[in-house]
Amino acid sequence: MKKRKTDKGGVYVNGKKLTFRERVIRDFHHNWMLYLMLLPIIIYYLIFKFGPMFGLSIAFMDYKPAKGFLGSQWVGLKHFKNFFGDYYFGRLLRNTIRISVFTLLTFPAPIILALLINELKSKRFAKWTQTITYIPHFISTVVICGIIVKLTSSTGGITSILHTLFGIPQETLLNKSAYFIPIYIISELWQSIGWNSIIYLSALAGIDQELYDAARVDGAGRFKQVIYITIPCLLPTIIIMFILMMGKVFDVGYEKIMLLYNPAIYDVSDVINTYVYRKGLIDAQYSYSAAVGLFNCVVSFALVMITNKISKKVSGSGLW
């Protein structure tokens, strides 16, 4: 059968233009194995991603498990108003933004690591460096936090070193508000820097080597090659990763915070996600916690949209 495409994108077979349904059936017939491979992913997203979205409706009702979704009373924006007027709203917002901003400041670290590894002359040493920096990512967060708690206790190794070098009192560091954010950010950087550098190392491997050859012919040294070739070629990847990271500004890693914080340092460590956990699972205020969680998601989505739009205007590239 002879097939051709018109300028308008229509598909013809034997001179007959196929309808959308016929095109879908024909494509499925030719690529059924690809669709079969895609099926588990579709099922996963339907069950674990789109399915739970039905539960967002409880943010607009006084949900009672005994009455279910249909029997619970609709209250509109009551829980959102209560959250915005909550005594802890300012503290939660401030802590979430503060920790997120400090996390954003570590964004260049994986890029710098990838550039340094890429510049190593010994490929064997480069592979060893990559492996060593990847390892912390595969350690369970519970184990990581257990190590941190031990090392920062009154008799821990880190506390003893700081006491010897700087005269800091030998007391549990995680009971002091001033130490929580530095401990969280440094441990997060140690755990994620190697893993996050993978995408940049992949992008570096795809740069055309003829660009470097031409630069060397023109007399450019290794530093100038990085400035004028490597970084500009990495820029699209950097922009995409930054946009994705902006979407996580309000989605601070609450698992790690919950394992490290305690009531003594709530003033600097309590964030929106930990508040949702306490209200929803501990206090059983399901509707209220759902409203707070929905607010968090909406803000994160808005940040992604805004960052992407700015990126498109400034650099011409973005997620879409």
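List of remarks:
- Relative contact order [Cα under 8 Å, 6+ residues apart], the chain, whole percent: 22 percent
- Taking the protein heavy atoms of the range 58-145 in the context of the full set of protein chains, the accessible area attributed to carbon and sulfur is 68 percent at 1.4 Å.
- Full extension of the segment from N82 to D251, taken as 0.36 nm per residue of separation minus the current Cα-Cα distance, would add 58.7 nm.
- Taking the protein heavy atoms of the range 204-244 in the context of the full set of protein chains, the accessible area attributed to carbon and sulfur is 66 percent at 1.4 Å.
- Global size of the range 275-320 as Cα Rg and Dmax, reported in angstrom: 16.0, 47
- Of Q209, Q285, Q73, the one that fluctuates the most in a GNM where the chain has Cα springs shorter than 10 Å: Q209
- Fluctuation leader among L294, L303, L162 - the chain, Gaussian network, Cα springs under 10 angstrom: L162
- Basic side chains Lys and Arg get +1 at the Cβ, acidic Asp and Glu get -1 at the Cβ, and with that the dipole of the range 125-247 about its Cα centre reaches some 280 debye.
- Accessible heavy-atom area order of K248, K256, highest first, probe of 1.4 Å: K248, K256
- Accessible surface calculations at 1.4 Å, restricted to protein heavy atoms, place the range 81-165 at 62 Å² per residue.
- Gaussian network model of the chain, Cα within-10 Å springs - most flexible of S177, S269, S122: S122
- If you sort the three axes of the alpha carbon gyration tensor as a ≥ b ≥ c, you get a/c of 1.5 or more for the range 27-75 and a/b above b/c, which makes it prolate.
- Scaled radius of gyration (Cα, divided by 2.2 N^0.38 Å) that the chain gives: 1.32
- Over the range 186-320, the pair-distance histogram of Cα-Cα distances with 10 Å bins from zero comes to 10, 26, 28, 19, 10, 5, 1 percent, rounded to whole numbers.
- H137, H30, reordered so the largest accessible area comes first (probe 1.4 Å): H30, H137
- Part-to-part distance (alpha-carbon centres) for the range 157-181 and the range 300-320, which is given in Å: 41 Å
- Compactness relative to 2.2 N^0.38 Å, alpha carbon Rg of the range 230-307: 1.38
- For M61, distant residues with modelled amide H under 5 Å away: V75
- The chain: DSSP helices with Cα axial extent of at least 27 Å and average Kyte-Doolittle hydropathy no lower than -0.5: 177-196, 286-314
The values are calculated or read from the model by the stated rules, or taken from the named source; none is laboratory data. On a predicted model such as this, the values are computed, not experimentally measured, just so you know. Using ideal geometry, Cβ is built from the backbone for each residue, glycine included, and neighbour counts are taken over all protein chains shown. Protein only, heavy atoms only, side chains kept; ligands, DNA and RNA dropped before computing areas. Shrake-Rupley method; radii C 1.70, N 1.55, O 1.52, S 1.80 Å.
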